[in-house]
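Working notes, beginning with the structure itself.
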Amino acid sequence: QVQVVESGGGLVQSGGSLRLSCAASGNIFSIYSMGWYRQAPGKQRELVATITNGGRTNYADSVKGRFTISRDNAKNTVYLQMNSLKPEDTAVYYCNTIARLKAIGPSLGYWGQGTQVTVSS
């Protein structure tokens, strides 16, 4: 199957920066897109940013201009550079990979375990 592992979370002061990384591994034939979602306590999981294998990006309005998603296709790795962090960015950040395991077959979504990001005021 597919393993998705995030790293890079932590505690940072308001206005600071963090960089998250996510690597997908396993029996992967191809990856269509990778992305980041977050879930704050008591709230639903929400999209932060996604990037396709062609480099097309999509951002939540709340992070535009502050966060940048990038991807290393050769390493099946996606990064999220988070600048000008705010307390409301505090959440568990999850990586999602949409991958195909065979040349002919469905593309399915795979989730990591999540990494905590805490922004203090």
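The values are calculated or read from the model by the stated rules, or taken from the named source; none is laboratory data. The structure presented is a predicted model; accordingly, all values stated were derived computationally and were not measured. Cβ atoms come from the backbone with ideal geometry, glycine included; neighbour counts cover every protein chain shown. For the accessible areas, the whole protein counts, side chains as well, though only heavy atoms, and no ligand, DNA or RNA atoms are used. Shrake-Rupley method; radii C 1.70, N 1.55, O 1.52, S 1.80 Å.
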List the aspartates and glutamates whose Cα sits under 20 Å from the Cα of residue 43, skipping any in the same chain fewer than 8 residues away.
61, 88, 89
Got a sec? Charge dipole of the chain, +1 on Cβ for Lys and Arg, -1 for Asp and Glu; which of 83, 31, 70 is way out at the positive end?
31
Average accessible area per residue (Å²) across the chain - probe 1.4 Å, nucleic acids and ligands excluded:
54 Å²
The ³J(HN,Hα) series, computed from each phi in the range 55-61 with the Karplus coefficients 6.51, -1.76 and 1.60 at θ = phi - 60°, rounded to the nearest Hz and given as x for glycine or proline, is x, 6, 10, 9, 10, 5, 4
Rounded to the nearest percent, how much of the accessible area of the chain (1.4 Å probe, protein heavy atoms only) is carbon and sulfur?
48 percent
Gained length - residue 1 relative to residue 27, 0.36 nm times residue gap less alpha-carbon distance:
8.8 nm
In nm, to one decimal, how far is the modelled label at residue 108 from the one at residue 83, with both set 7 Å along Cα→Cβ?
3.9 nm
To one decimal place, what Kirkwood hydrodynamic radius in Å is obtained for the chain from all pairs of distinct Cα atoms?
14.4 Å
